[in-house]
Amino acid sequence: MIHRPRSDVIQALTLLAIFVSANGAANATAYYITTVGELTVVSDASAKRCSRIAAQFVRLDVLMRDLAGWDADARLPPLKVFLVESRDAAILLTDADRKKQQQNRMNIYSKYLPGQDYDVAAMLDADGYEEWMQSLFLMRAERLLTSGAARRYPAWYQVGVSNLLNGLVIKDDGSILFSRTTTFVPEADQTGGPRLRLDLPKLLALTRTSDLHSQGDWQEFYARARDWATFGILTTPERKDHFREFALLMRQGTPADEAVKEAFGVSLEALAADYAANQWRKEVQYRLPPAASAAVIPDPVRLDNDGVDQQLQVIAMRVLQASPN
């Protein structure tokens, strides 16, 4: 049993009070729910939007299996996705979130909250909500690549592969559009100091994010890791196979120069020179066709008021559990 500090108890009462006053017995907003496999989607607005979001997250997990080379039997963390009407926004934010918004003059529109039983992904139905959904795609990818079988892989692999989904668009026909630029950039508490400059050998030697010491370090690492994953996964099938084998060898403790020789069949120096020449950028495939096997999405069901309150309370309690206080 976990005993939380008294401040958590007070925050819980406050959060639930906000939750009740925002909804009560007469929630006028229509919410819909659908479940496919271990994915549940709760959305305001319409059944059509609920189905569309569910289809996108189903295709997201299919894409992640393809990018990371996981087979169909690999179990991914169950997920509950919420698109929340703006007047219910209070349940997404803690006091710390509100303080951060004021200090940084920014707004928090989405959250990804992992859990032992299932993960919660929540976003506000505000203008541009599809951008907030892109942020959830990225956070889902980061979650999948830092847990389970992927948790022992080098940081450049976890960050690079997940950031292929940075700015990702999943179209209604199921086709995938990767972004040529990054929509979201990492934040770090540390500032100052000289910024890292990472060529390929230096990138591959940096296997832990604890070696990053500033905002500039993080941005450099994210950019170079994403480029390396683009080279390895989005160019040719042969490179994709070599890249996966190389990452696996490094996960097993093989030094980078030996792993490159075994996986790519060339020296690290030769691979670095080929990579730095940038000719591979002409081979990048930024569009993927629809996956052949996409699950059928059951027709969403409209929730009654009690059902809405029950589902929104899932977010409220998970936000509370994730609170640093």
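The values are calculated or read from the model by the stated rules, or taken from the named source; none is laboratory data. Keep in mind that this is a model prediction, so the values were computed, not measured. All Cβ positions, glycine included, derive from the backbone under ideal geometry; neighbour counts span all protein chains shown.
Residues in the range 66-93 that are surrounded by fewer than 16 Cβ atoms within 10 Å (Cβ to Cβ) and among the charged types (D, E, K, R): Asp66, Asp71, Asp73, Arg75, Arg87.
Here Leu204 clears all of (1) assigned by TED's automatic domain parsing to the domain that holds Gln56; (2) at pLDDT 95 or above except the condition numbered (1). The criterion of at least 3 residues that are within 18 Å of the chain's Cα centre (by Cα), at pLDDT 90 or above and of a type outside the set (Ser, Thr, Tyr) is met by the following helices (runs of 4 or more DSSP H) wholly inside the range 1-113: 47-68.
Of the helices (runs of 4 or more DSSP H) lying entirely inside the range 177-285, those containing at least 3 residues that are surrounded by 12 or more Cβ atoms within 10 Å (Cβ to Cβ) and in contact (Cβ under 8 Å) with a residue 24 or more places away in the chain span 200-205, 215-233, 237-251, 268-276. Evaluate the following for Ala96: is it touching a helix residue (DSSP H, G or I) at 6+ places or on another chain (Cβ under 9 Å) and not charged (D, E, K, R)? Answer is no for this residue.
Given the structure, is Val314 among the aliphatic types (A, V, I, L, M) and either touching a Pro at 6+ places or on another chain (Cβ under 8 Å) or closer than 30 Å to Ala96 by Cα (or both)? Outline the logic, then answer.
Numbers: among the aliphatic types (A, V, I, L, M): yes; either touching a Pro at 6+ places or on another chain (Cβ under 8 Å) or closer than 30 Å to Ala96 by Cα (or both): yes.
When the stated conditions are applied, Val314 passes them.
Only residues that are among the aliphatic types (A, V, I, L, M) and either out of contact with any helix residue (DSSP H, G or I) (no Cβ under 7 Å at 6 or more places or on another chain) or over 17 Å from Leu312 (Cβ atoms) (or both): list them for the range 109-143, please. Walk me through it before giving the result.
Here is the first cut: in the range 109-143, the residues among the aliphatic types (A, V, I, L, M) are 113, 120-124, 126, 133, 136, 138-139, 141.
Met133, Leu136, Leu138, Met139, Ala141, listed by residue number.
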